[in-house]
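Notes follow once the structure below has been shown.
The values are calculated or read from the model by the stated rules, or taken from the named source; none is laboratory data. In this text, all values refer to a predicted model and were calculated from it rather than measured experimentally. Positions of Cβ are backbone-derived with ideal geometry, glycine not excepted, and every protein chain shown enters the neighbour counts.
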Amino acid sequence: MQHNGAQAMIELLHIYKEIRNDGLVVKILQDVSLSVTGGEFVAIMGPSGSGKSTLMNIIGFLDTATSGNYRFKGTDVSTLTEDELAKYRSSEVGYVFQAFHLLAKTSVLENVKLPLMYHAERRSDQERTTMAKKVIEQVGLGHRLEHLSNQLSGGEKQRVAIARALINNPSLILADEPTGNLDSASGIQIMQILQDLNRQGKTIILVTHESSTAEHARRVVTIRDGAIESDQQVTSQRRAVEETNLK
């Protein structure tokens, strides 16, 4: 579905994903068509095993569909080489995962600088440090620069993960159950950061199984048994309530 009459950043057409195991075919995604315009905040919601994380991995160039067409900013993703896909992963997408995926005995600053080491554009260590400090301050952890990640709370770890996702200034943020390992207060802080980033123009796709988390987005796509069940805009009134609750 196309929204706002604008050029879609993400266009998925008739996406299928199957896994073959010992002669058995497991259908993960079935005829998924989805369009996301730049600047949207979309939640993909569904129970465990619904296919939502597989869908996010396909969108984020971490997995490929069995069949169907995926266009990103007008480019047919199936035509990209492995090197080109790697470049898209490092420059176009920032990933935030439930399990944080931080280096345990490494400082906040070094964790956030890490993606810059793999970026095609080479920078000096001083430049990388300056860029990392900026995004760390953006998520409210400027006072934790030299703390090791295993000295942080769960909420702080997720904020470091968001800063790391922002370091290459991606056009798309993918967040897979970003509040899943957090207490409710920390979860609210994370959702507030994501909403602030969306207001600044970032396109955000959030995967969650919780309706209370999904309602912080502007649009909720519900997936069940590998197929899209519904695709709805979050009403301005309901979103206003959610944003009030975040403050």
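For the reader, a short list of remarks on this structure follows.
- Residues located in region 193-204, provided they are more than 25 Å from G49 (Cβ to Cβ) and either crowded, with 16+ Cβ neighbours inside 10 Å or in contact with a Cys (Cβ under 7 Å, 6 or more places away or on another chain) (or both): I193, Q195, L197, N198, K202, T203
- Restricting attention to region 133-163, the residues that are within 12 Å of Q189 (Cα to Cα) and of a type in the set (G, A, S) add up to 3.
- The requirement of being over 19 Å from A175 (Cα atoms) and out of contact with any strand residue (DSSP E or B) (no Cβ under 6 Å at 6 or more places or on another chain) is satisfied by Y118.
Every residue, every condition in (1) buried (at least 22 other Cβ atoms within 10 Å of the Cβ); (2) more than 26 Å from L29 (Cα to Cα); (3) at pLDDT 95 or above, yes or no:
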residue: I162; (1), (2), (3): yes, yes, yes
residue: A175; (1), (2), (3): yes, no, yes
residue: D183; (1), (2), (3): no, yes, no
residue: G187; (1), (2), (3): no, yes, no
residue: L206; (1), (2), (3): yes, no, yes
residue: S212; (1), (2), (3): no, no, no
residue: A217; (1), (2), (3): yes, no, yes
residue: I223; (1), (2), (3): yes, no, yes
residue: G226; (1), (2), (3): yes, no, yes
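- Here region 90-136 is the region considered, the condition is being under 21 Å from the mean Cα position of the chain (by Cα) and assigned to a strand (DSSP E or B), and the residue that is modelled with the lowest pLDDT is F97.
- Among the residues listed as V77, V25, the single one being free of Cβ contacts under 8 Å to residues at least 60 places away in the same chain and loosely packed, with under 14 Cβ neighbours inside 10 Å: V25
- Which listed residue, of L197, L206, L174, is part of a helix (DSSP H, G or I) and within 22 Å of L62 (Cβ to Cβ): L197
- The condition (being in contact with a Pro (Cβ under 8 Å, 6 or more places away or on another chain), among the basic types (K, R) and part of a helix (DSSP H, G or I)) is satisfied by just one residue among R159, R164: R164.
- Members of region 156-168 that are within 27 Å of T54 (Cβ to Cβ) and without any contact (Cβ under 8 Å) to a residue 40 or more places away in the chain: R159
- In region 86-141, residue surrounded by the most Cβ atoms within 10 Å (Cβ to Cβ) [restricted to those that are over 12 Å from V160 (Cβ atoms) and among the hydroxyl-bearing types (S, T, Y)]: Y95
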